[in-house]
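Accompanying notes for the structure given below.
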Amino acid sequence: MGRTLPLVALLFALGSWKPASAGQPARAHHAMVVSREVHATEAGLAVLRSGGNAVDAAVAVGFALAVTHPAAGNIGGGGFMLIRLADGRTTFLDFRERAPATASRDMYLGPDGALTRESVSGYRAVGVPGTVRGFEFASTHYGRKPWAELLAPAIELAAKGFPVSGDLADSLKNARPKLELFPDSRRIFLKQGAFYAPGERLVQPELAGTLGRISSAGAREFYEGETARRLAQAMAQHGGLITLADLRAYQVVERQPLTGRYRGYDLVTAPPPSSGGVGILEILGILESTGYAKSGPGSAASIHYTVEAMRRYFADRSEYLADPDFVRVPVAALLNKPYLAGLRKSIDPERATPSARLRPGAPPRVESSETTHYSIVDAEGNAVAVTYTINAGYGSGVTVPGLGFLLNNEMDDFAAKPGAPNLFGLVQGEANAIQPRKRPLSCMTPTMVLRGGRLYLVLGSPGGPRIISSVLEVIQNVLDFGMSLEDAVASPRFHHQWLPDTLYVEPGVSPRTAARLAARGHRVERIGSMGEVAAILIDGGSLQGAADPRSEGHAAGY
Ligand code: DON
C-alpha cells in the first residue's frame with residue numbers, strides 16, 4: 001500500500017482544480033473535432049475540410065497529439081478506437097499494448113515477494129505498442145485519404161516545432177523526476193534540465209524522422225524496419241523484454257463494440273479488454289428504475305446511489321474482467337437483469353456498504369475495460385471516439401535513443417501481484433495476471449449514445465479508473481438530469497472504486513453534500529480533479545463540442 005498512495009496522490013495532484021468555465025461549447029452544422037490540444041484539433045479539422053472522413057481525421061489527430069501532447073499522445077503506447085459509420089455499422093479497434101513473449105506472472109516481484117517499481121518506470125515496464133498498427137488498420141479499412149496526408153501535420157509540428165503552452169510547460173516540469181532518468185527524455189523534454197518556458201518552441205527532429213519513415217513505409221517501419229531494430233536494440237541494452245519478434249507479431253484486434261440499453265437510449269461502448277463498457281452498463285443497469293435522479297444532480301442521495309453502484313461494479317471488475325483472448329469474461333452474466341436487480345436490492349439508500357463486507361458478486365453461469373481522448377463527427381455523420389495512452393503521464397519515462405518518442409508503462413495495468421493495488425490503487429485478481437502476449441485490462445471507455453437510433457453523444461476521457469466515473473457521470477448529467485453538454489462536462493465529479501473504500505470528490509462538491517455523504521457512512525476525500533472529457537452532442541442538424549474546462553482541450557467545427 002505504501003507504494004501506491006503517494007503515486008495516486010501525485011496523479012490526482014497533477015490535475016489541479018480549475019473552476020468550471022462559463023464558456024459556450026463550440027457549435028457547428030457539419031463536423032466537429034474535440035481533442036486535448038489545439039494543434040491536434042486543427043489537424044483533424046483540416047483533414048475533414050479537405051474531404052477526409054472522421055476516421056482519417058482521427059488518425060491525423062492521433063499522430064499530431066503524439067507530437068504536441070507527449071504526456072499521453074503517442075506512437076509508443078496503445079488504445080481503442082470506437083467507430084460508428086453514418087449507415088449505423090459500428091466497430092471497435094483494439095490496439096492495446098501486449099505483454100512481450102518472455103513476460104511472466106511474477107516478473108515485478110522482488111526476492112522478498114514485494115512489488116518492485118519496474119512495472120512503472122523504465123524499459124521493463126513497457127508493453128508492445130499498438131498505436132501505429134492501430135492507426136494503419138483504421139486508415140486502410142475505414143479511411144479514404146492517403147496515409148502520408150494523415151501524417152503530414154504531425155511531421156510538420158515535430159520538424160518545425162510548436163509553441164509550448166503554459167500547461168505543457170508546467171506538465172513537463174512536474175514530470176522531471178521521471179524524465180530525468182533517461183538521457184533522451186531529459187534532453188528532448190526537459191531541455192537538459194533548463195525547462196521550456198511558455199511560448200518557447202518545442203522542436204523534435206528525431207520524432208519527425210521516425211514519423212517520416214512511418215509515412216513513407218507504413219506501420220511495417222515501426223514493427224519491422226529501422227524503428228523496430230533500434231527499439232529492440234535499446235531494449236536489449238537496458239534489460240527490457242521487447243524483441244523484434246514481439247514487434248513483428250503485434251496484431252490489432254477488431255472487436256464487436258459492447259452495446260446496451262438504458263432508459264430507451266442505446267449505448268455503444270468498449271468491450272474487454274476494456275473494463276469500462278461493462279462498468280458503464282453495469283452501473284447504469286443497477287441504477288435504472290431506482291429513481292435515483294429525482295433528488296437532483298449533485299445531491300447527496302443521487303451521489304450515494306451512484307457510488308454504491310460503482311462500488312459493486314469495481315468489486316466485480318477485480319475478479320472477472322481481463323483480456324477476453326486469455327480469460328473467459330462473463331460479460332452477459334454481469335449485465336444480466338436479475339443479477340443487477342440483486343445488486344440493486346443490496347444497496348441501502350441511507351447507508352454506505354463498507355467495501356470490506358462486499359465481495360465480488362456471483363453472476364449467474366450464463367454465457368452468452370495519463371491517457372487522452374478525442375471525439376470526431378464528420379459532415380456525413382460518421383463518428384469516431386479514440387482513447388489512447390502510454391498509461392501514466394509520460395509513460396515509463398523512456399525515450400528510445402534516436403527515435404524521439406516515449407514508451408508506455410502499460411505493464412502496470414496488469415495485476416503485477418494479484419490482490420495488491422497498482423498505480424491507480426486498483427486491486428485486481430488472477431484473471432488479469434501477467435501472461436505472455438496478453439493485453440492488460442484497461443479502463444479506457446470510448447462511448448457513443450444513440451437516441452431513437454440516431455447518434456446523440458460521442459465521448460470519453462483519460463483518468464485511469466476515473467475514466468469510468470467521468471464518462472458515466474457525463475452520461476447521467478445529459479440523460480438523467482437534462483443538463484446542457486457544457487454543464488454536463490463541467491459539473492463536479494466523484495469516484496469510488498471499491499478499494500480503497502474512499503469516496504473521492506472534486507472541490508466543486510459542496511461541503512454540505514460532502515457532510516451528508518459522510519453521515520451515510522462514506523469516507524469522503526477531496527481530490528484535485530478527475531477526468532478530461534471530450535464530448536460531442538448531436539441534436540438534429542447541430543453539433544455541440546465540449547472540451548473539459550479541467551484541461552486545455554479544444555473543440556472546433558464548421
Ligand atoms: O488503460 C487504462 O485504463 C490506463 N492505462 C489509463 C491510464 C490513464 O487514463 C492515465 N490518465 N490519467
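Percentage of Cα-Cα pair distances in segment 318-464 greater than 22 Å, rounded to whole percent?
Values: 6278 of 10731 pairs.
Value for segment 318-464: 59 percent of Cα pairs lie more than 22 Å apart.
Suppose a student asked you for the relative contact order of segment 386-453, using Cα pairs under 8 Å spaced at least 6 residues apart; what percent would you report? Show your work: numbers first, answer last.
On the way: 83 pairs, mean separation 16.2, N = 68.
Once divided by the residue count of segment 386-453, the mean separation gives 24 percent.
Using Cβ point charges alone (K and R +1, D and E -1), the dipole size of segment 284-357 about the Cα centre works out to roughly 240 debye. With all pairs of separate Cα atoms included, segment 403-519 yields a Kirkwood hydrodynamic radius of 16.7 Å.
Residues whose amide H comes within less than 5 Å of that of H522, counting only those at least five positions distant or on another chain, are A352 (H built at 1.01 Å from N in the peptide plane). Let me have the relative contact order for segment 53-183, percent, based on Cα pairs under 8 Å that are six or more residues apart. Computed value for segment 53-183: 32 percent relative contact order. Checking the cross-link filter: which lysines have an alpha carbon closer than 29 Å to that of K417, excluding same-chain neighbours under 8 positions apart? Within the straight-line limit of under 29 Å, K417 reaches these lysines: K178, K438.
Legend: residues F63, F195, sorted from most to least accessible area (1.4 Å probe; ligands, DNA and RNA excluded), read F195, F63.
For K160, give me every one of the lysines with a C-alpha distance below 18 angstrom, ignoring sequence neighbours fewer than eight places off in its own chain. Leaving aside lysines fewer than 8 places away in the same chain, those within reach of K160 are K191.
Each stretch of four or more DSSP H residues adds -39500 (n - 2.57); spread over every residue of the chain, this sum gives -10000 deg cm²/dmol at 222 nm.
Would segment 309-354 count as rounded, prolate or oblate if I go by the C-alpha gyration tensor, calling it rounded below 1.5 in a/c and otherwise prolate when a/b exceeds b/c, oblate otherwise? Walk me through the intermediate numbers first.
Values: a/c = 4.71, a/b = 1.89, b/c = 2.50.
Oblate, since a/c reaches 1.5 and b/c is not below a/b.
With the highest mean first, a sort of the peptides 409-416, 376-383 on other beta-carbon atoms found within 10 angstrom per residue produces 409-416, 376-383.
Could I get the Rg over Rh figure for the chain? Both from C-alpha atoms, Rh via Kirkwood, rounded to two places.
Working: Rg = 21.6 Å, Rh = 23.0 Å.
With Rg and the Kirkwood Rh in hand, the quotient comes to 0.94.
Across the options L423, Q435, G453, the greatest Cα extent toward the positive end of the charge dipole of segment 407-558 (unit charges at beta carbon of Lys, Arg, Asp, Glu) belongs to Q435.
What order do you get for 225-235, 347-357 when each peptide is scored by the mean count of other beta carbon atoms within 10 Å, highest first?
On the way: 225-235: 19.1, 347-357: 13.9.
Going by the mean number of other Cβ atoms within 10 Å, highest first, we get 225-235, 347-357.
Charged neighbours of N409, selected by a Cβ distance under 11 Å, balance to -3 (K, R count +1; D, E count -1).
Sort the following peptides by mean Cβ neighbour count (other Cβ atoms within 10 Å, averaged over residues), highest first: 424-435, 75-86.
Result, highest mean Cβ count within 10 Å first: 75-86, 424-435.
A Cβ-based charge dipole, computed about the Cα centre of the chain with Lys and Arg at +1 and Asp and Glu at -1, lands at about 840 debye. 3J(HN,Hα) along segment 126-133, derived from phi through the Karplus expression 6.51 cos²θ - 1.76 cosθ + 1.60 where θ = phi - 60°, amounts to 8, x, 4, x, x, 4, 5, 5 Hz, with x in place of Gly and Pro.
Nothing charged except the Cβ atoms of Lys and Arg (+1) and of Asp and Glu (-1): what's the magnitude of the dipole of segment 153-194 about its Cα centre? Round to the nearest 20 debye. Intermediate results must be reported in sequence, preceding the final value.
Working: 7 positive and 5 negative charges, 35 e Å.
The dipole of segment 153-194 has a size of about 160 debye.
Could you please report the charge total around G212, scoring K, R as +1 and D, E as -1 over all other residues with beta-carbon less than 14 angstrom from its beta-carbon?
The answer is -3.
The DSSP beta bridges internal to the chain are antiparallel in roughly 95% of cases. What lysines does K337 reach when the alpha-carbon gap must be under 26 Å and sequence neighbours fewer than 8 apart in one chain are set aside? Within reach: K294, K345.
The values are calculated or read from the model by the stated rules, or taken from the named source; none is laboratory data. All values reported here derive from a predicted model rather than from experimental measurement. Cβ coordinates were reconstructed from backbone atoms using ideal geometry, including for glycine residues, and neighbour counts include every protein chain displayed. Keep in mind that these areas ignore ligands, DNA and RNA; they rest on the heavy atoms of the full protein, side chains included. Shrake-Rupley method; radii C 1.70, N 1.55, O 1.52, S 1.80 Å.
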